[in-house]
Structures are given as structure tokens and as C-alpha cells.
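Some notes on the structure that comes next.
The values are calculated or read from the model by the stated rules, or taken from the named source; none is laboratory data. Note that the structure is predicted; figures quoted are calculated from it, not measured. Neighbour counts are summed over all protein chains in view; Cβ atoms, including those assigned to glycine, are modelled from backbone coordinates with ideal geometry.
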Protein chains: 2
Amino acid sequence: MKLYSYFRSSASYRVRIALNLKGLPYEYAAVHLLRDGGEQLTPEYRKIGPDGIVPSLVDGDIVLQQSLAIIEYLEETHPNPPLLPSLPADRAYVRAIALQIACEIHPLDNLRVLKYLKHELGVTDAAKDAWYKHWIDNGFRVLEARLASDARTGKFVFGDTPTIADLALVPQVFNALRFNVDMQPYPTIQRLYDEAMRHDAFVRAAPGQQPDAE
Amino acid sequence: MKLYSYFRSSASYRVRIALNLKGLPYEYAAVHLLRDGGEQLTPEYRKIGPDGIVPSLVDGDIVLQQSLAIIEYLEETHPNPPLLPSLPADRAYVRAIALQIACEIHPLDNLRVLKYLKHELGVTDAAKDAWYKHWIDNGFRVLEARLASDARTGKFVFGDTPTIADLALVPQVFNALRFNVDMQPYPTIQRLYDEAMRHDAFVRAAPGQQPDAE
């Protein structure tokens with residue numbers, strides 16, 4: 001398999017964790033999101049990823065986009081170790097947490113949106129930072145309450161083994177820490193992040209460990 | 001089952017189509033996203049949907065959030081008719097299309113984001129409209145190219161029966177039409193929308209058909 005990735009991309013990071021957890025070796029193809037206006041927007045990359053976003057995963061002659069769809073594909077084609085619980089209600093619970101991060105937080109705070117705010121709407125850096133933190137806080141507040149109270153929370157979001165929810169959570173926390181979000185109000189989220197970062201598959205997937213890290 | 005829904009909510013609309021396609025009767029609980037500052041933000045609703053967003057689906061003592069997680073749950077608990085193809089690569093393809101809409105377009109154009117632009121950033125109505133159309137066009141351009149060229153496109157996104165991709169596509173097109181987006185550049189998307197709207201399950205799920213329609 002070949003993963004088109006950018007070291008700091010949260011969506012790429014999710015897939016890197018999944019590949020590591022499932023013990024699947026892969027070739028790393030770096031796509032620099034900032035260099036030359038963004039390598040993901042070149043006609044060359046668009047042959048692989050027509051969306052102009054990372055990650056893309058190539059598995060033989062199958063080309064896959066969208067991190068959560070890629071992870072479900074890996075789950076179906078390489079079921080062990082599982083990244084989803086066995087009962088439908090529990091599967092829905094961990095998928096909902098992954099989707100809350102992937103749909104309610106991350107899309108609002110990614111690079112192209114911050115760029116649009118700055119260049120098209122001319123907002124100040126302070127207003128851009130406030131926007132960033134608003135959507136993180138908005139999402140983390142709900143998530144913290146849920147994770148702190150749900151009996152299913154263990155060392156990971158669902159019990160003591162990682163699921164797709166942790167694959168979404170860890171990169172989002174990494175991102176928040178990089179932007180100096182105050183994590184004090186989110187002790188459960190912080191704890192789950194710290195627990196995950198003791199796990200080799202998470203450590204090896206971290207941005208700083210990638211060949212294109214800066 | 002009981003669906004907490006707002007007639008115009010795209011995410012609620014996705015789940016309504018799924019329930020109809022699977023022939024599952026449900027009670028409709030209207031949550032008005034605008035009245036009194038938003039009924040979804042009341043402590044009463046938050047007991048069901050702590051995120052303060054719709055939809056939520058209650059199935060016995062199971063409470064579910066996030067439309068795509070709910071649809072996967074329905075798929076697992078009521079597999080017929082299937083809303084996902086059988087092969088992992090095809091499942092990933094339709095999931096990626098659903099996620100492209102749910103993660104790259106919809107989160108940027110939903111009500112609370114448009115509110116933030118207006119009230120917190122003080123952008124003009126014209127700039128707000130331009131923002132809305134930018135993210136629709138950005139997403140639809142990629143989607144049109146993909147759907148126009150992929151051999152799997154039929155009457156629906158994947159062949160001649162609806163999948164999760166159509167459940168995401170139809171509400172997004174409805175939304176775009178409501179905001180007068182020019183659909184001329186997207187003939188395949190428009191055709192797929194028109195085909196779907198000949199299908200009773202889609203018609204009955206449309207905003208105008210809901211008990212809380214205005």
C-alpha cells in the first residue's frame with residue numbers, strides 16, 4: 001500500500017494510526033500542503049486524489065479517499081485487530097465520536113478554511129485564532145462531558161483497546177496542543193490522549209515521526 | 001424508533017431517507033433550530049442530544065447521534081435493502097462520497113457557522129453568500145468530475161439503487177437549490193438528484209413533507 005500524506009494533516013494521521021495498529025506496512029508519499037501553493041492541488045496529485053486533499057491510500061489498483069472511509073475499508077479487509085466494537089449500538093457510539101470530530105471540529109479549523117478567513121474575508125490573526133479555538137472548545141466541551149460520564153470510557157474511548165474514535169481524537173488533540181488550546185477544561189480528553197501516546201502504533205504515526213516532518 | 005429532526009436539516013434529511021428506504025416506521029419529534037435561539041440547545045433536548053445538534057435517533061433504550069453513524073447502525077441492524085455495496089472497494093467509494101459531502105461541504109455551510117460569520121466576524125451578507133457558494137462549488141466541482149467519469153454511476157451514485165452516497169447527495173443539492181446555487185456546471189449531480197426525487201422514499205423525506213415544514 002502507498003499512503004499519500006502530509007505529516008501535520010490530521011486526516012492522514014488517523015490513517016497512519018490505523019495502518020500501524022493493523023500492522024500493515026506501507027510506502028509513504030509526502031504531499032506538501034504549503035509548498036508551491038500546495039502540492040495537493042497539482043494536476044499530478046489530482047490523478048490520485050481528485051479532491052485535492054490528503055490522505056489517499058493506494059492498495060493495488062484501488063485508490064481510496066477520505067480518512068474514515070479508508071479506515072472502514074482497512075477494517076473490512078484486515079479485520080484484526082478490530083477498530084470497531086462488536087455490537088451495533090457500540091459501533092454507532094464510537095463512529096459518532098469519530099464523526100463529531102471529523103464533521104463538527106476538523107473541517108472548520110483546517111488549513112484551507114483558515115486561509116479563506118484571512119485572504120478572502122480579511123479577518124485579523126486574533127479573530128482567526130478565536131475562530132479556531134471556538135470550534136475546538138465547542139466540540140471538546142461536548143466530548144469531555146460524554147467521555148467523562150460514559151461507562152464505556154476506559155484507557156481508550158471504548159474500553160481498553162483503540163477504536164476509530166481514538167484515531168480521530170488523538171490527531172485533533174495534537175492539533176489543539178499545537179495551537180496552544182488550554183486543555184485544562186478537558187481532563188478526560190487529555191488523559192485519553194496521554195494513554196494513547198504510550199502505544200507504539202500512535203507514537204509512530206505522530207507528525208514528528210514522519211519522513212516529511214519539519 | 002423516534003427521530004429528533006428539523007425539516008430543513010440536511011443531516012436529519014439523510015436519516016429520514018434511510019428510514020424510508022428500509023421501511024422503518026418512526027415517530028417524528030420536531031426540534032426547531034431557530035425558535036427561541038434554537039430548541040436544540042435547551043437542557044431538555046441535550047438530555048437526548050448532548051451535542052446540541054440534530055438528528056438524534058432513539059431505538060428502544062439506545063440513543064444515537066451523527067447521521068452517518070446512525071445510517072451505518074440502521075444498515076447493520078436492518079440490512080435489507082442494503083445501502084452499501086458488497087465489495088470493500090465499492091463500499092469505500094460510496095462512503096467517501098458521503099464523507100466528502102458530510103465533511104468538506106456541509107460543516108462549512110451550516111446554520112451555526114453562517115451565524116458565527118455574521119455575528120462574531122461581522123461579515124456582510126454578500127460575503128456570507130460568497131462563502132456559502134465557495135464551499136458548495138469547491139465540493140461539487142470535484143464530485144461532478146468524479147460522478148461524470150466513474151463507470152459505477154447509474155441512476156444513482158452507485159448503479160441503479162440508492163446507497164449512503166445518495167443519502168448525502170440529495171439533501172446537499174436541496175440545500176444548494178434553496179440558496180440559488182447555479183447548478184449548470186453540475187449536470188450529473190443535478191441528474192442524480194432528479195432521478196432520486198422520482199423515488200418515493202426520497203420524496204417522503206423531503207423537507208416540505210415533514211410535520212414541521214414551514
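Among the residues that make up the range B:73-91, is at least one of them in contact with a Lys or Arg (Cβ under 8 Å, 6 or more places away or on another chain), of a type outside the set (K, R), under 22 Å from B:R204 (Cβ atoms) and at the interface with chain A (Cβ under 7 Å from one of its Cβ atoms)?
Yes, that holds for at least one residue.
Return yes or no: is B:Y26 more than 10 Å from every other protein chain (Cβ to nearest Cβ) and touching a strand residue (DSSP E or B) at 6+ places or on another chain (Cβ under 6 Å)?
In short, yes.
Tell me which residues, restricted to the range B:123-138, are more than 9 Å from chain A (Cβ to nearest Cβ) and free of Cβ contacts under 8 Å to residues at least 12 places away in the same chain.
Correct list: B:T124, B:D125, B:A126.
Of all residues in the range A:8-66 being among the aromatic types (F, W, Y) and farther than 17 Å from B:L143 by Cα, which is surrounded by the fewest Cβ atoms within 10 Å (Cβ to Cβ)?
Filtering first and then ranking leaves A:Y28.
Of all helices (runs of 4 or more DSSP H) completely enclosed by the range A:87-202, which ones contain at least 1 residues that are more than 28 Å from A:G38 (Cβ to Cβ)?
Where helices (runs of 4 or more DSSP H) fall fully within the range A:87-202 and carry at least 1 residues being more than 28 Å from A:G38 (Cβ to Cβ), they are A:88-99, A:125-149, A:164-178, A:187-196.
Can you name every residue in the range B:92-116 that is closer than 19 Å to A:A130 by Cβ, within 8 Å of chain A (Cβ to nearest Cβ) and either surrounded by fewer than 18 Cβ atoms within 10 Å (Cβ to Cβ) or among the hydrophobic types (A, V, I, L, M, F, W, C) (or both)?
Those that are closer than 19 Å to A:A130 by Cβ, within 8 Å of chain A (Cβ to nearest Cβ) and either surrounded by fewer than 18 Cβ atoms within 10 Å (Cβ to Cβ) or among the hydrophobic types (A, V, I, L, M, F, W, C) (or both): B:L108, B:V113, B:Y116.
Condition check: loosely packed, with under 14 Cβ neighbours inside 10 Å, within 23 Å of B:R16 (Cα to Cα) and either assigned by TED's automatic domain parsing to the domain that holds B:R95 or touching a helix residue (DSSP H, G or I) at 6+ places or on another chain (Cβ under 9 Å) (or both). Does B:G208 satisfy that?
no
Determine which member of the set B:L147, B:L177, B:L169, B:L192 is more than 23 Å from A:Y116 (Cα to Cα) and touching a residue at least 60 places away in the same chain (Cβ under 8 Å).
Within the list B:L147, B:L177, B:L169, B:L192, the selection yields B:L169.
Listed here are the residues, each with its yes/no results for (1) touching a His at 6+ places or on another chain (Cβ under 7 Å); (2) more than 25 Å from A:L177 (Cβ to Cβ).
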{"residue": "A:L3", "(1), (2)": "no, no"}
{"residue": "A:S10", "(1), (2)": "yes, no"}
{"residue": "A:E27", "(1), (2)": "no, yes"}
{"residue": "A:V31", "(1), (2)": "no, no"}
{"residue": "A:G38", "(1), (2)": "no, no"}
{"residue": "A:V58", "(1), (2)": "no, yes"}
{"residue": "A:R91", "(1), (2)": "no, yes"}
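Just wondering, is there one or more residues in the range B:41-48 that are modelled with pLDDT under 95 and among the hydrophobic types (A, V, I, L, M, F, W, C)?
Taking every residue of the range B:41-48 in turn, at least one turns out to be modelled with pLDDT under 95 and among the hydrophobic types (A, V, I, L, M, F, W, C).
Within the range A:21-40, track down each residue that is of a type in the set (G, A, S) and more than 17 Å from the chain's Cα centre (by Cα).
Within the range A:21-40, A:G23, A:A29, A:G37, A:G38 meet the criteria.
Inspect all residues belonging to the range A:46-65 and state whether any of them is out of contact with any helix residue (DSSP H, G or I) (no Cβ under 9 Å at 6 or more places or on another chain), part of a helix (DSSP H, G or I) and either touching a residue at least 24 places away in the same chain (Cβ under 8 Å) or among the aromatic types (F, W, Y) (or both).
There is no residue in the range A:46-65 that is out of contact with any helix residue (DSSP H, G or I) (no Cβ under 9 Å at 6 or more places or on another chain), part of a helix (DSSP H, G or I) and either touching a residue at least 24 places away in the same chain (Cβ under 8 Å) or among the aromatic types (F, W, Y) (or both).
Considering only residues that are in a helix (DSSP H, G or I), out of contact with any helix residue (DSSP H, G or I) (no Cβ under 6 Å at 6 or more places or on another chain) and not basic (K, R), which ones fall in the range A:1-38?
Of everything in the range A:1-38, those that are in a helix (DSSP H, G or I), out of contact with any helix residue (DSSP H, G or I) (no Cβ under 6 Å at 6 or more places or on another chain) and not basic (K, R) turn out to be A:S12, A:L19, A:D36, A:G37.
Based on this model, can you work out whether A:S12 counts as within 13 Å of another protein chain (Cβ to nearest Cβ), within 17 Å of the chain's Cα centre (by Cα) and polar (S, T, N, Q)?
So A:S12 does not fit the description; no.
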